[in-house]
Each structure stands twice: as C-alpha cells, then as structure tokens.
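The values are calculated or read from the model by the stated rules, or taken from the named source; none is laboratory data. Remember, it's a predicted structure, so these values are computed and weren't measured experimentally. Note: ideal-geometry Cβ built from the backbone for every residue, glycine included; neighbour counts use all protein chains shown. Note: areas computed on protein heavy atoms with side chains; ligands, DNA, RNA excluded. Shrake-Rupley method; radii C 1.70, N 1.55, O 1.52, S 1.80 Å.
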Amino acid sequence: PPPPPPPPPPPPPAPKNAPNVLLILVDDLRPWLPFYGESRIIAPNLAKLAASGVLFNNSYVNIAVCSPTRNSFMTGRNPDHTRVWNFKGSFRSNGIDGSGKPGSLWKTLPQVFTEAGWITAGCGKTFHPGSPPNWDAEYSWSRVPGTSELLYPYEDPDEQIAAQGTLLTPSQASGNLDAATGDCCAPNTLPELLRSLPSHSSCQKEHPDMKVVDSTVCNAVAENTTDYLTANIAIQRLQNLSALHRPWFLAVGFHKPHPYWPLPLEIRKQYLDLPLPRHKTAPEGMPPVAFMSCDYLQMSADVNAEVQRGNGILPNQSLPDDLAQKIRSGYAAGVTWMDQQAGRVLDALDELKQSNNTIVLFTADHGWGLGEHGMWCKYCVFENQVRVPMIVRAPWLTGGHGKATSALIEHVDIMPTLADLAGILPRVLSTEALDGTSFASIVRDPSATIKAAAFSQYPRCMNSKLAQEPPYTANRDNCCGTDASGFSHMGLSVRTDSYRYSEWFRWQGDMCSPNWNVSDGVELYSHIGDNVPACFDCFENVNLAGTAAGRQEYAEIIASHRVLLLAHFKNTHALSCPPQPSAEELAGIDPTYERLDWLL
C-alpha cells in the first residue's frame, strides 16, 4: 500500500446549517423484515425508522460478498473499477477509476465529509477488516489538527475480543453444553476454541424446553457480544460528537445476522417454527455455473456434520428440514438482535436531540440465501443475494416519510446521495469520477426514478482444486482467496423493473476481463408483479432462457437486456489485472471474517 500522506491542513468549515450523517451498515442482511412483508420477524426499531423515512424496495448491491461490496460503495465505484472482486487487496492498491485515477488517490465516503468540514468517526464493520488496511485511518477519518492521530480512534469490538482471547459466554465449561443455561460447550479461551472447531459439531445436548441446542444457540452474555459493544461505542461517539456543536458523520457497522448465532436464548426461541422455503431446489433450467453450493456453510464447524448428513449442498436436493429450520431460526434471531442494537443507537440520537438534523441511512452489504432455490449464503447474482434493505431519513424532507418506493437504486449510489443531501455533491464530483448517481430526488419524492437498471456481478472459480472435489464438482469455491487471474468465469447481471438477465462469461486471466465472445450460461427471470421483497422464492424459479423454446419466445427481451448488460460492463473493465497484494497486506485481510463471527 502507498505510504500515508502527510497530515492535511485543517478542513474548511462545513456549510452553514449542514446536517449530520449517521450511516448504519449491517452484514449479510436480506430484506426479511416486517415492513418488507415478513410479519414474523421482530424488528420494531427498524420499523420505526422506516415509518419516518423512505423505504426502498429495489436496492441492489453491485457484488454479493463483504470486502468487494464495501470497497465499492464506500468509494462510489463499481467492482470493475476498484478491481476488488474477492479478498485480494483493496481499492487503495488495486483501483483504477473511469478517469484513470489510481485508488491510492481516491476519496472515500467518510473522507469527502472529513475534507468538507464534518467531524467523522466510525466503529464496527464499515470497511472490511484489512481492506483497506487499518480501516483507511490514514485517509478517511478526522484527525487531530496538525497530526496524523485520529480524533476518535477507530474501534472494532471483534479486534478487542480477539486480543482478549475469551469466549463471551457465562460458562467456563470445556465439555458439554449446560442444559440449564444453554451456554456453549467449548473451551473458554478463543485460541483453544478455534483449534477445537473441527469436532465442535458433535457438541450438543437436549435443552428442557427447546429442540436440540448446540453452539449455534449459545446463551451469550448480551453485554459482551460484538454488536452490543459496537452500539456502546456508537453511543459514546454520538455523545462526544453532539457536544462539539459541529456537523458530524458517524459510520456504524453491525455484524448480525452474519452467521453464526450464539445469541441470548430468549431471542432464538421466538423463531423455532418459521416456515421452510417452498422452492428448495435450483431454478428450472439454471446453468450449472450459476449455482453456489456454499462450502462456507458446509465446512463450518457448527453444522458440517449435519450438512454432510444431507450429502452436501446440491442443486437438485435440499438440506434436511430440521437443519434448514435451525439455520433459518438462527438467522432470524440475528436480525432481531441487530435490530435491538441499532435501536439503542437510534434512541441515543433522539435523547441527544440530534435526530431533527441528522440524515440516517440504513442498509446492508449484501443479501443472503436461506435455502430458497437450494442455495444458502451469498456469492451469487440471484435476487436473494443482491437485493438488500435500504431506509433513508432526511428529517426536513417530510414528503417521503413513511412511504415506499419501487425505484431501482444501486449501492454505488450511496456516496453521491449522502453528499447531495448534505449539500456537497458538486464539490465531490469536482474531484471524484463516481460510478453512482444520487437518489436524493427519490428521498424528496418517492415516485421519482433515477435509472432503468441495476447491475451486479460475481466471479466463479470452477477450475480450482476445491471445485473439483466431491460431493459437488462445480461451484464449491467462492473465489474469495483466488487471484483474479485464476477466475474461470464472471457472472454479470442486470435487473430492470420486470426482469433479471444474467450471463456467465469465460474469464481471460491474462487481462482479468471477460471474454465477451464466450459464455457458459444465460439466464432470464421474470419479476413482473414482484412487489413483496420478503417473498424470497416467489420469483426466479424458472429460467426463461433455459430452453430453446424459451430463448425463442423471449428473444426480444433477452436481446434488449443483453444490450444493457454489455453496454454497462464493457465500459467499466480496466483490461488489466490488479497488482499482487503484499504479504503484509494479505496478512491484514481476514478472508472470510468468520473466525469470530462463528461465535459472536
């Protein structure tokens, strides 16, 4: 990575009456929420926020995995400009934007506010850990004037917990799960626990008033879990910032519902009887390259033995119902847990009398599959993986409060939108070649639209050693640790009001670009009538381009969507591979960020 710049001069004053900005980011959250049509999920705090802001029904990420999506939306550039498609490097080392400017010179979302006179701070998972290095502390956040010292140290509780090396449950047990408390049955220290994980799935015991309880149902100490601590830090930052009488920008990143879910037991117990997906196998006519078998789930210590009981995650069969139920109930508990912590932060905003002058934007880094179409996790270009919740509240724009919009937006639009609402967009655009478009006009008037299509992508590594091992020999490798030159395909997808069109192009490793003349799969899914985001298997059940007859019947729609797709993606590819990350940079990037999220 480039050396840190010298300390900048003090920023100019922010515009008069400039609003504050609270950005709340959540990991792995799909729109499985009551205000999106799923009444069984308990999330009163987010429901309150949605009722006082604008709810976006069609908000899409540009790539469905943690580090690449955060590199993208925190800079307002598409993944093909950040050249971060997995966990290799960051935009600082890899990026080349549409103007030819290297990522080392880009300004990030918090950075443009810092340089415009806002006091900026962050906590939790905002950028991906290590990508860029050290939470981009050298560039993005406010510093003590005349020094390189951050005004507010960046704090991520997971790092603190790792340093302490303790498992955050009340139990000191190292053998069996305590049936009376539901505590995890695991060694107490984190290093020992990580060493023990391969056999951890055998650790389970009947709980008197529940079904089988194991490490995914730990009775964690609420006050010591990652998201609770993140909320504590955010509240402290709000108290600090509100006392300065200057506009501020605060980014807060929560981990749940990211797997796995050792949460307070009373939350998990609310979701033991959630319904299972109706469509449990891959879409009819889906090309094999589009499927993700998600070894991320299969190889986890918590459920591995039980996934293997179902012979792996395959496109033509679903997981056993009891295992699917356990995973779905854990995820739902994670949503409710996150809602409680986000609610604490939003309540503090009210108590500090900051709400009336604070823009709040709530969203997630990508969606998640919970067994619909036979798929789990992320790593795809299907609707469930790329569609996310989005709520924006600008207190003074009351005309949109409590309303929902079906306008299409993308995550690269977040940076220009917040700059626009804060009154600094012209300043930002004078130096930054952003790929996104402000949707502030939709916040003002939810009937407005800004674009006809949203674009997403994801690589495939079907030639890797992992991909060629049984039980499923196509898509077991999520590409997260593969050099970009080693991809086998790039899946490109365009979503319009009525359809999703995807095409899987062969990858040219020497140029890190698709071979536009060779593809191994075409998909067209109808979304006509798709107005309930929480119905995750109402659509994309049949690939309309999966048969010769279908390709003939929908030839015009396929052709028009392919034109949109090619026009967009051909315009963004840099036609060169990113540099190899240094050993130091790779060591700082947690490739899956699962080492602690299994537990916390």
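If r is the Cβ-Cβ distance from E223 to A549 and R0 is 45 Å, what FRET efficiency results, to the nearest 0.05? Calculated transfer efficiency: 0.15.
Computed on the range 347-386, the Cα convex hull volume stands at 97 Å³ per residue. Ratio of Rg to Rh for the range 380-430: 1.03 [Cα atoms; Kirkwood radius as inverse mean 1/r over pairs]. About the centre of its Cα atoms, the range 391-447 shows a dipole size close to 280 debye [charges on the beta carbon of Lys, Arg (+1) and Asp, Glu (-1) only; nearest 20 debye]. Here's the picture: charge each Lys and Arg Cβ at +1 and each Asp and Glu Cβ at -1 in the range 308-388, and of L349, H373, S329 the one pushed furthest to the positive end of that dipole is H373. These residues, T225, T398, go from largest to smallest accessible area, 1.4 Å probe, as T398, T225. Projected label points at I528 and K16, each 7 Å from Cα along the beta carbon direction, are separated by 5.5 nanometres.
For the range 43-127, the alpha carbon convex hull comes to 148 Å³ per residue, rounded to a whole number. Across the range 78-137, the relative contact order, built from alpha-carbon pairs under 8 Å that are at least six residues apart, equals 25 percent.
In this simple spin-label model, placing a label point 7 Å from the Cα along the Cα-to-Cβ direction at both T449 and N316 gives a separation of 4.1 nm. Taking label points 7 Å from Cα along the Cα-to-Cβ direction, V563 and R427 give a separation of 4.2 nm.
Beyond 30 Å in Cα-Cα separation lie the following of the pairs K48/K125; K256/K403; K16/K107; K16/K570; K48/K101: K16/K570; K48/K101.
Sorting S52, S39 by accessible area puts them as S39, S52; the probe is 1.4 Å, largest comes first, and only protein heavy atoms count. The packing ranking of peptides 495-507, 342-354, 73-85, highest mean first, is 73-85, 495-507, 342-354, where packing means the average number of other beta carbon atoms within 10 angstrom of each residue. Listed peptides 366-375, 130-139 appear in the order 366-375, 130-139 once ranked by packing, highest mean of other Cβ atoms within 10 Å at the front.
Note: relative contact order over the range 1-137, using C-alpha pairs below 8 Å and six or more positions apart, is 24 percent.
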